[in-house]
Structure formats: structure tokens, C-alpha cells
Amino acid sequence: MLHYLLRRAVSGLIALFLFLTLMFFVSESVAPTDFTTQFSLLMTEEQRAALARDLGIDRPLWQRYFDWFGSLVRGDLGFSYYGFPVAEHLWGLIPYTLLVFLIGTMIAFQIGRWMGKVAAWRGPGLVNTLSSISAIMLYTAFPPFLAFLVSRVMERRLDLKRPALGGRAVGNVFFGELWRSPRWEPETVMSWVLLTVVGYSVLIMVLNELLARRVRRRMPTLVQAAALIALVSGTWYATGLWPYALEVLKVASIPIVTFVLLSFGETMLIMRTSMSDTLREDFITTAEAKGLPSRAIRDRHAARTALLPVFSRLVVSLPYLLTGLVILEDTLKWPGLSASLFNALYQQDIPVVMGGLVLVGVLSAITRLLLDVMYAYLDPRIRYDSGKLRRAG
Amino acid sequence: MNMTVQTSSVDTAPPLWQMRLKLALKNFKSGWAIFKENPIGIIGLVLIVFFALLAALHPILMATAWEPAVYDPITGYDFEILIHPSPPTWIPQPDNPMWEFSFRHVLGTDPLGRDVLSQLMFSTRSEFLLGVGAALVTVLIATTIGAVAAYYGGLVDMIFMRIADVVYMLPFIALLIVLSSLFDFELIHLALVYGVLAGFGGTTIVIKSQALTIKVKAYIEAARIAGGNDLHIIFTHLVPNLLPLSFLYMMFTVTGAIFSEAVLSFFGLLDIRMSWGLMIQTAQAAGYLLNSWKYWYLMFPSGVAITLLCAAFYLVGRALDEVVNPRLRKR
């Protein structure tokens, strides 16, 4: 298993390297003119040359490439053409993007898994067709349009004061009494929200697995959800994070809901296909013949096996999920990664663009690796692979 | 090649092309029988036909019922309506004393006084062209590379598959956004770039794995023994058997291409005269989505059209999947 993961990690790194190289040359070489001639019209020739020297864009392309990559390896993203450090700028945006992406993916995955399971279990029929069609419609929906509908439905209900749809300038999305003199900045609150939710989910998952090994039973999904909510809200309450976290989630709910709607369809479709495949396997017939209750067959025998292709497909569709997020953030004025990517593109601020792309690439590489770990854990063919190797060697 | 030997030995048999046509027709019929069982595919097909009709109707309407000065999708302006954008004319407007029931603008007018329905119909054609163009490029590349990589194996295979792995991982839209904001991107460029990206990426991997299973069939061996060279075997025996799968992936490519066009022109990054994404962009740039619900008729037609056409090709693709993959049938 370790061997497998190592191989995946190395191939992910190579892909990331190639992607960044490609993007560097594309963005550096296709820009109509360089930054100094485009944005400093009032300068004299000498001043322009001096500025180019300052920014380091008078050197040949290959030299800049090696410089940039060298500093990237050292963890330094360099400075924007407008003078601020890129890493610091992007660091402030990560919580926004991750909050929507991680929580959205988690919810979408659970919904898709459940719906696919139930649809396949029911077999062909009206419910199945309708759920398939609506899942596909949501999956192929135009993100700005969907965001428009979702914000229409939710804004009134949540009584949100949000900047309206559209436009490019992205600023603060948190208004109101609470944020006048807050104990925590919104970014800090977001990081904590993320940390608690993801941390406790992982904790519950691990506990569940331990329980399954010891007593061969798992917690029901409802108990898991209740435990998660209790733990998370308990922690927030104890640390005084409660009102802030609630407010952050309220504002973030529109992007999260839109993201969930956009991305659960795919999980559902794959789950349904692989579940119906699994239901025709011999071990399902055996389980039925043993007289097991149908719930147990569905949840314990079929659904667990059917989950594998879903994971492998999720790995593949990650870039699509991330790009869907980019569009969504821009439409809803959510100040995440895309906001910075777009603004930087408009200002031809190549270091920031490249920084944003590095972040997208790294984010997708990390998530891919995490999914690989889960996949390796779930798939016995991979799990036992290394054991065999050790015995042979 | 060895065709002359075959035909001269069997004099009474019909010519080869007739046999092929008959076989193709038979395949198509059995495929259609499976396809029409599935309501998903039928719904997709109906939607595609509907949009194709819309596209075909536009020039006819422009030539007959619609006056070009008013209804031109790009330069038209309606002077008889005082305030643009205006909602659909068949919806009663209590606060407008000038209102009377008509089908003058079925979907209303946009901020520049142009008829929305006309824009919608006019753009449909270019969406189809883009989708089909991108899909053809994809399938051409993917089928050729898939067949060649599977047939030769070894180094060729490895190189193409590593390229496919990398292209597969690229965040598509991010790349397109960077490209299009730095270039002057036209529709044809988008079709090419999208087609090439999709062709080198995931589609190749799927088609190659299919080609591998065909490569070991007995008739390929027979063709080789009969003296067919590599090119002959690849293009007359391997590729035709890959076409059903290629056709299936064409559908998914069309969805992706239309979607990315909509996204790019929504951001105003595409050099295009009129498209669904641009219609929303126009409304947004003019600030009409700030008070979003009041101007729903600026968002709805193109938003629904993009969603439906993308979904239509995807639905057809899903249904075709069952025709091509026997494993998925009859559940």
C-alpha cells in the first residue's frame, strides 16, 4: 500500500510540475506586451527600463523560469508587480476557498452516495428516471444561473445583507454588528470552523472503523451525524466561537449550497451505476439466501462494495469540481481564489496569477492524494498488495 | 491490398460497400432498439431536436416574419417600446398603461433593446457548430492516438499515456480563462483548444483500453496474416470498431465545449458576436442583475438554454453508454 501511495504521490508531483511549467510559459509568452509598457503610460523610457529591471522582467524567459521555480521550491512565491508578497495575499484567501470546497464536497458526497444507493436499490422506474434526469440537469447547470436561483431562494430566508450578483470587484462579505469589533477576524473563524468540522469528521470515521474491527458493527449514519454536530457545536460554544461561526456559515451557505447542488449529481450517477452492478453479484444472492434483512444487504454488502468506483471517479473529476468552484466564487463575489486569479489576470499581474495556479494545482494534488489513501484503504486488492510483496521478498 | 483476391473468389456476392452498408444499418437498428428503451436518451434527443429546430427557424423567421431592423440579434432596436430592457410582452404589467397583449417580444428585450428570443435562436447555431467542431477534433485525435498507442504499445503507448495523464489533471477552465484573457479568442480557437485538450486527455485513455481488447481479436490476426500492413489494420479494422465508443464520447465533449463557451463568454473573455453566455454577460455588465429578480427575463432564457442543451447531450451520452457497454444494459 505504501508503495502504491508513493507511486501516486510521485506521479502527482510530476503532473503538477508539468502543469506549472506549461502555465508559466503560456502566461508569460502570450501576453500582448509586457507589464511595463501596458500599465505605465506616463513613464519615460528610462523609468520604464528601470521598472522592468526592478521587477525582473527584462531578463530572458528561461532565466525567469528557473528563478521562479527555484524560489517556488523554497516555498517563496515572490512579489506581485504591485509590490505585495504573493504568498501572504493568497494565504488570506485559502480559508474562503477551502471552506466552500471541503464542506461542500463532504455534503455532496454523502447526498450523492445516499441517493445513488436508494435509486439503484429501487430498480428502474419513474423515481429512478426522474432522479437521474434531475441529477444530470443540476450537474450540467450553468453555475451563474444556479447561483442566481439559489441566492434568490436563500437570501430572503436568511435575511442576508450581501453584495449583489455580478461585477468584478470583490471585497468584504461580512457586514453587520458582529464584525464591528470582532474578537476574531473572519478568516480565523473560518479556519477554526474548517478545522473543527474536518477534524471531528475524521475522528468519527476512525472511531467507526475501530468499532467495526472490534465488535463488527458500525454506528448508524444518523448517530454519526448527531455526534458530529454535538461535538462541533460543543467546541464552538466552549471557546466562544459560537456567534461568529454561525454568522460565517450563514454567509457561506449560499456558495456551499450552490456547490453541493452542482457536484452531487456526478457522485449519485456513478454510485447508482456501480450499485446496480454490485446488486447482480453472487454474494448479494448469497446474502439474500441467508435471509439477511434487506437493509443490511443494501447498506453493508452492496453499498460498501459499490463505493470504490465512486472514489476513483472523484479523483478524476477533481479539476472539474475546482473549476466549478472558480466560476461560482466569481459569480457570488465570494473572495476566494478565483477572485484573486481574475483580478490579477486583468492587471496582468503574472506572479499572482502563477501563485493562484500553484494553489489550485497543489490543492487538487493534495485532495487527489487523500482520495488515493481512502481508495487504497477501501480496496482490498491494493490493501493486501504490499503484504504479498513483503512475504515474497 | 488484398481486396481483389476476395472479390474475385466470390463472384456472386454483392460488392463490399453494399455489405458494409447493410451491416451498418443492422447495427444501427439493434442499437436504436436498445436506445429507445431508455427514457433518458429519448428526452435528450427531443431536446436536441428542439434546439436544432430553433437554430434552423431563425433565418426563416428573419426572412419572413421578423423585420431585421427590429429583430436583428446584434444590431436590432425596437423604438416602439419605451423602456429597455422590457419583460415579455404577453405578461400583463399592471403598472404600465401602455401595455397590451401581443407576441411582439416573446422573451422580452435586452438592455440594448434587442429581441431576446432572436438572440437565443441566433446563438443556438453557433453553439451547435462549436460543440460538433470540438467533438470532431476530440474524436479524431483520441481515436487515432488510442488506436496507434494500443496497436504499437511500448514507447509510443507510454509517451501518449503520460501526456494523457497530465492533460487529464489540468484544471480546464482555469487554463482556458488564462488563455482567453491573454489571446483574442474566437469560437473556432475555443473549439480547437477544447477539442485538443479533451482529445489528448481522458477520452484517449478510454478509447485506448477499448482498442486493446479489439487488438487481440482473431480478425486482426487474420488481416495481418493476409498481408495487411500496420496502417491498413489500424484504419480499416481497428478504428471502425472504436467508432461507437468515440461517438459516445463525442456527446460528453459537446457538453463540455458548450459549457466552457458559456463560461468564457459570461466572463467576457470570448471574441464573439452573440452567444448565450454573452447574453447574461450583457445583462450583468449593464448592472441589471443587481436587482436580480426584477429582471429575471434577462437571466432565465439563456441560463435555461445552456443548462438544457448541455444536459441534452449528456443524457444522450448516458443512454448511448448502455448501447455501447452491454454490461450496463437491462437493470
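Details
- Three-way shape call for the range B:127-326 based on the alpha-carbon gyration tensor, with the a/c threshold at 1.5: prolate
- Under the combined filter of DSSP loop state and at most 10 neighbouring Cβ atoms within 10 Å, the range B:81-162 retains none of its trypsin sites (Lys or Arg not before Pro).
- Taking all protein chains together, A:R156, B:R20, A:R298, A:R59 sort by accessible area into A:R156, B:R20, A:R59, A:R298, largest first [probe 1.4 Å].
- The modelled label-to-label distance for the pair B:V49/B:H84, using points 7 Å beyond Cα in the direction of Cβ, is 3.6 nm.
- For peptide A:360-369, the mean count of partner chain Cβ atoms within 10 Å of a residue's Cβ comes to 1.
- Theoretical gain in end-to-end length, A:E288 to A:Q110 [0.36 nm per residue, Cα-Cα removed]: 61.5 nm
- Note: relative contact order over chain B, using C-alpha pairs below 8 Å and six or more positions apart, is 23 percent.
- A:D299/A:A238 FRET efficiency (R0 30 Å; Cβ-Cβ; nearest 0.05): 0.30
- If R0 is 22 Å, the Cβ-Cβ spacing of B:R273 and B:V196 corresponds to a FRET efficiency of close to 0.35.
- Amide H contacts under 5 Å for B:L112, placed H, 5+ residues apart: none
- Think of it as helices only: each DSSP H run of n ≥ 4 in chain A is worth -39500 (n - 2.57), and spread over all residues that comes to -26000 deg cm²/dmol at 222 nm.
- Distance between the C-alpha centres of the range B:9-83 and the range A:1-27: 43 Å, rounded to the whole angstrom.
- Debye-sum result for the range A:90-348 in log10 I(q)/I(0), which assumes one identical scatterer on each alpha carbon, at q = 0.07, 0.08, 0.12 Å⁻¹: -0.30, -0.38, -0.82
- Inter-probe distance in nm under a simple model that places probes 7 Å from Cα toward Cβ, at B:W293 and B:T75: 4.0 nm
- Judged by the ratio a/c of the largest to the smallest principal axis of the C-alpha gyration tensor, the protein assembly as shown counts as rounded, that ratio being less than 1.5.
- Rounded to the nearest 10 Å², the accessible area of A:R280 at probe 1.4 Å: 120 Å²
- Distance between the pseudo-spin-label points of A:M374 and A:T188 (7 Å out from Cα toward the beta carbon): 3.1 nm.
- Per-pair calculated FRET efficiency, R0 = 41 Å: A:L222 and B:R125 via Cβ, rounded to 0.05: 0.20
- Between the range A:296-367 and the range A:270-291, the alpha-carbon center distance in angstrom: 32 Å
- The GluC sites (Glu not before Pro) of the range B:47-137 meeting both criteria, a DSSP state outside H, G, I, E and B (loop) and at most 13 other C-beta atoms within 10 angstrom of the site's C-beta, are B:E80, B:E100.
- The angle separating the long axis of helix A:186-215 from the principal Cα axis of greatest extent in chain A is about 30 degrees.
- Per-residue HN-Hα couplings for the range B:17-26 [Karplus 6.51, -1.76, 1.60; θ = phi - 60°; Hz; x = Gly/Pro]: 5, 5, 4, 4, 4, 4, 4, 4, 4, 5
- B:L248 - accessible surface, heavy atoms, 1.4 Å probe, Å² rounded to 10: 0 Å²
- Amide proton proximity set for B:F185, modelled H, under 5 Å, gap of 5+: B:D271
The values are calculated or read from the model by the stated rules, or taken from the named source; none is laboratory data. Keep in mind the model is a prediction, meaning the values are calculated, not measured. Counting neighbours? That spans all protein chains shown, and the Cβs are built from the backbone with ideal geometry, glycine included. These accessible areas exclude ligands, DNA and RNA; they are computed on the full protein's heavy atoms, side chains included. Shrake-Rupley method; radii C 1.70, N 1.55, O 1.52, S 1.80 Å.
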